[in-house]
Amino acid sequence: MALHCTECGFVNAEGANYCQRCGALLPREQGSGPVTATYRIDETGELVPVELDEVTAHGPALVIRAGGGRVGESFGLEQERARIGRRPDSDVFLDDVTVSRDHALLIRRGDDWYLDDLGSLNGTYVNRTRIESQRLQEGDEVQIGKYKLTFHVR
């Protein structure tokens, strides 16, 4: 069964999770079809499959949807803030020239999580809108350079 994108109307192939034209999350009925596999990289550099519930058990997570050949890689956020950028010591390390060294900051303010752009050259986007600071909600699409990530919170 083909899936029509609710954002742009494109007809996507059966089993697609995201629109092939605009990248929007395709609507699904509960319990229907596959979901994107999620993994983390362990200390040895090996890919370790994880369930999204496991990743979000201690806090929110960012999961890469597109970009850099890293689709499905997840970053659990167990602290009050996470630095996102091209620096190897960033909490969310995105190694590409389209990402600034200090690109963005994910920070907890009260009960909410906010994404703050740190003056990046290419900007930070939430749901395809360039932002300076934005409160994030479950399922929000975050774009940093060529990477598209999804924000998940329990």
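The values are calculated or read from the model by the stated rules, or taken from the named source; none is laboratory data. All values derive from a computational prediction rather than experimental measurement. Cβ: placed from backbone, ideal geometry, glycine included. Neighbour counts: every protein chain shown. Heads up: the accessible areas ignore ligands, DNA and RNA and are worked out on the full protein's heavy atoms, side chains in. Shrake-Rupley method; radii C 1.70, N 1.55, O 1.52, S 1.80 Å.
For residue 21, the test of being modelled with pLDDT of 70 or more, open to solvent by less than 80 Å² (accessible area, probe 1.4 Å) and assigned to a loop (DSSP other than H, G, I, E, B) is failed. When every residue of the range 69-76 is checked against the conditions, none turns out to be farther than 22 Å from residue 18 by Cβ and among the β-branched types (Val, Ile, Thr).
Looking only at the range 131-153, decide whether some residue is assigned to a loop (DSSP other than H, G, I, E, B), in contact with an Asp or Glu (Cβ under 6 Å, 6 or more places away or on another chain) and hydrophobic (A, V, I, L, M, F, W, C). For the range 131-153, residues assigned to a loop (DSSP other than H, G, I, E, B), in contact with an Asp or Glu (Cβ under 6 Å, 6 or more places away or on another chain) and hydrophobic (A, V, I, L, M, F, W, C): present. Listed by position, the strands (runs of 3 or more DSSP E) contained in the range 29-117 that have at least 2 residues being at pLDDT 95 or above and either under 16 Å from residue 143 (Cβ atoms) or open to solvent by 30 Å² or more (accessible area, probe 1.4 Å) (or both) are 81-85, 104-109, 112-117.
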